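The values are calculated or read from the model by the stated rules, or taken from the named source; none is laboratory data. The shown structure was predicted, so the numbers you read here are calculated from the model rather than taken from an experiment. FYI the Cβ positions are ideal-geometry reconstructions off the backbone, even for glycines, and counts take in every protein chain you see. Areas reflect the complete protein model, heavy atoms only, side chains present, ligands, DNA and RNA absent. Shrake-Rupley method; radii C 1.70, N 1.55, O 1.52, S 1.80 Å.
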Amino acid sequence: MKDQHIVNIGFPRCGTTWLWHQLVQHPDIGPVAYPKEDQIFLSKQSFLDYDHVYKDRTISLNFDVSMWSVDRELIEFVNSYATHISLILRDPYDFLQRWNDWLDNNNDHCSFVNQWIEYKMLCYTDIVDRWTSIVGQEKFKVFLFEDLQKNPKQFLT
């Protein structure tokens, strides 16, 4: 069993790249042989490959920004490896504005926002409840992007 396997299930455009770069500077973590967003569960790699990808270090990181949307079975699997699970949230409107800009969407911003609302993808409490009902609150921590901007060191302590 690893000393620490840190999983961040956060959204894109919420500070995960900054946090990743800070953490991989730790001698027990970096340099890492895997990317920040390995998308291991979105490809043919699966549960069986997870241990292989993350086994070489005492402390490992998985910062796949699509993890917020996974089902209960996958949460249970990730929970069996993770020692720390975090979620970075951003003001929903600001998040969608920045993501839409980053995607260089030709769509009207309102239709982009409406799509996210229609599919209930911004129901932060549902996401937190789904994860904490399986992993427990002691292992799960929510950070706010706006706090990251004001005091980045809080994420590293």
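How many of the residues in the range 5-18 are open to solvent by less than 10 Å² (accessible area, probe 1.4 Å) and either assigned to a helix (DSSP H, G or I) or of a type outside the set (Val, Ile, Thr) (or both)?
Total satisfying the criteria: 6.
With the condition kept exactly as written, say whether any residue in the range 97-119 is of a type in the set (Gly, Ala, Ser) and within 14 Å of ILE9 (Cβ to Cβ).
No, the range 97-119 has no match at all.
With the condition kept exactly as written, say whether any residue in the range 99-106 is in contact (Cβ under 8 Å) with a residue 40 or more places away in the chain and either touching a helix residue (DSSP H, G or I) at 6+ places or on another chain (Cβ under 6 Å) or part of a helix (DSSP H, G or I) (or both).
yes
Looking only at the range 115-157, filter to residues that are surrounded by 12 or more Cβ atoms within 10 Å (Cβ to Cβ) and over 28 Å from GLU76 (Cβ atoms); which one of those is nearest to the chain's Cα centre (by Cα)?
Step by step, filter the range 115-157, then rank; the result is LEU148.
Just to be sure I understand the filter: pairs with C-beta atoms under 9 Å, separated by 6 or more residues or on different chains, first member in the range 68-84 and exposed (fewer than 15 other Cβ atoms within 10 Å of the Cβ), second member assigned to a helix (DSSP H, G or I). Which pairs pass?
Cβ pairs passing all conditions: SER69/ILE127; ASP71/ARG130; ARG72/ARG130; ARG72/SER133; ARG72/ILE134; GLU76/ILE134; GLU76/VAL135.
Among what's in the range 22-50 and is at pLDDT below 75 and part of a helix (DSSP H, G or I), pick the residue that is nearest to PHE77 (Cα to Cα).
If we take residues in the range 22-50 being at pLDDT below 75 and part of a helix (DSSP H, G or I), then PHE47 is nearest to PHE77 (Cα to Cα).
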